[in-house]
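Since every read-out is calculated from the coordinates, none of them should be taken as a lab result. Bear in mind that the values here come from a model prediction, so they are computed numbers and not experimental data. Positions of Cβ are generated from backbone atoms using ideal geometry, with glycine treated the same way; all protein chains shown enter the neighbour counts.
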Amino acid sequence: MSTSDGVPTFTVATQAAAGTALQFSSSIRPLPNNPIFCAVASTSAEGGGPRGPALAVGTDTDHFSLCQSGVANTIIYQASATNNGAYDFSTCYPVTVVIDDLV
């Protein structure tokens, strides 16, 4: 939950399908969470991991990519060359999506 001009805003991820962009919804009313999304804390013994938990689909934190879609970059889950032109697969690179509540 974040606030805009003092009004609480709730944002939840609403879709994670292989080869497609993550989709989010925001509302001033609470939204139902999508149970497929999870937050996984860094457990690196060496430390130095992200400052917040990583976004996961189930327990999978390793298959997110940042891909170019027109002039924008889009987070794609399990990027694929077969995507009906939604994004340029050749521009994709792996990323860890960190959940940061310091917005």
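Our coupling estimate for region 59-67, obtained by passing each phi through the Karplus curve with A = 6.51, B = -1.76, C = 1.60 and θ = phi - 60°, is 10, 8, 9, 9, 10, 9, 9, 9, 10 Hz, Gly and Pro reported as x. Taking amide H as placed 1.01 Å from N in the peptide plane, the amide H of Thr20 sits under 5 Å from that of Tyr77, each at least 5 places away or on another chain. For region 82-94, the Karplus equation 6.51 cos²θ - 1.76 cosθ + 1.60, evaluated at θ = phi - 60°, returns couplings of 8, 9, 6, x, 5, 7, 8, 4, 5, 8, 6, 9, x Hz by residue, with Gly and Pro reported as x.
Here the peptides 80-89, 61-70 are ranked by packing, the mean other Cβ count within 10 Å, and the order with the highest first is 61-70, 80-89.
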